[in-house]
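Notes follow the structure.
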Amino acid sequence: MPVAVHVVDHPLIADSLTRVRDVATPNALFRQELERIGNLLIAEATKGLATHAVKVQTPLVETLGRQLTTQPVVVPVLRAGLGFLHAAQELLPNADVGFIGVARDENTHMPKPYVNKLPENLAGRQVIVLDPMLATGGSLAHTCDLLIERGVTGTIIVVCVLAAPEGIELLREHGLDLAVYTASLDERLNENAFIVPGLGDAGDRQFGSPA
Ligand code: PRP
């Protein structure tokens, strides 16, 4: 099963990405820029959603329009994924939202789950996972396993700011069917499994350090 990586090339994404990478960017501006990137990435990631024809009465005549055939389910991965949620709800106001909480263990880098608040039955639903960082891929693999347990079939859409090649490889080995939309495929992970050049900790840069 494939993991397709789409690096979205857009001047506004590139411009915002430079500010989110910048260590001098304060948290308030970081959140704004993240949301801007989220908006543009989600617009691109949803290009393939199915629509069907509907009649619409304009003030002048009846004509044909198109409507989304099914509403997707948006799943932000706590905490950092919350930074994309507002953008997703602006673009998909009728989407359901499920929440996954997973923290990466600082020493082992393995995912430690702490929230699973997904709709009971996801069969036939298009899921869009929001998580700005795809580093080792462990958090995303865990999230996708939970989605598949709830009945998801077919390609899961993933929206992230940065992806590391090591994480993409792990997801491929995990046998997942994913379409990853990212602002950048970065160089590598460092010895602490942080993305390089990266942007630091996307959760802490939005919400401060929990410690
Ligand atoms: C970060 C990030 C991803 C995860 C990526 O979350 O937001 O969820 O790590 O790493 P991985 O691909 O190696 O699993 P973190 O655990 O720091 O939690 P936070 O969002 O609460 O800061």
- By residue number, the members of the range 36-61 that are under 24 Å from ASN121 (Cβ atoms), among the β-branched types (Val, Ile, Thr) and either exposed (fewer than 10 other Cβ atoms within 10 Å of the Cβ) or touching a Pro at 6+ places or on another chain (Cβ under 8 Å) (or both) are THR46
- Message: Restricting to the range 62-80, name every residue that is within 16 Å of the ligand (Cβ to nearest atom) and closer than 24 Å to ALA123 by Cα.
- Response: VAL74, VAL75, PRO76, VAL77, LEU78
- Note on the structure: Taking the range 131-146 and the residues there that are buried (at least 22 other Cβ atoms within 10 Å of the Cβ) and of a type in the set (A, V, I, L, M, F, W, C), the one that is nearest to ALA14 (Cα to Cα) would be MET133
- Task: Output yes when any residue across the range 168-178 is at positive phi and part of a loop (DSSP other than H, G, I, E, B), and no when none is.
- Result: yes
- (1) charged (D, E, K, R); (2) assigned to a helix (DSSP H, G or I); (3) loosely packed, with under 15 Cβ neighbours inside 10 Å all hold for ARG31 apart from (3)
- Query: So which of ASN107, ASN116 is modelled with pLDDT of 95 or more and within 16 Å of the ligand (Cβ to nearest atom)?
  - Reply: ASN116
- Task: Among what's in the range 169-211 and is near the ligand (Cβ under 10 Å from one of its atoms) and under 15 Å from the mean Cα position of the chain (by Cα), pick the residue that is nearest to MET110 (Cα to Cα).
- Result: LEU171
- Message: Quick test of your reading of the structure: GLU169 fulfils all but one of (1) under 20 Å from ILE13 (Cβ atoms); (2) surrounded by fewer than 18 Cβ atoms within 10 Å (Cβ to Cβ). Name the failing condition by number.
- Response: (1)
- Query: Among the residues of the range 134-148, which ones are in a helix (DSSP H, G or I), within 6 Å of the ligand (Cβ to nearest atom) and of a type in the set (Ser, Thr, Tyr)?
  - Reply: SER139
- Query: Mind checking which residues of the range 123-133 are within 14 Å of the ligand (Cβ to nearest atom) and not β-branched (Val, Ile, Thr)?
  - Reply: LEU130, ASP131, PRO132, MET133
- So is VAL158 within 12 Å of the ligand (Cβ to nearest atom), closer than 22 Å to THR69 by Cβ and at pLDDT 95 or above or not? yes
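The values are calculated or read from the model by the stated rules, or taken from the named source; none is laboratory data. Just so it is clear, the structure is predicted and the values come from calculations on it, not from any experiment. When we count neighbours, we look across all protein chains shown, and the Cβ atoms used for this are built from the backbone with ideal geometry, even at glycine.
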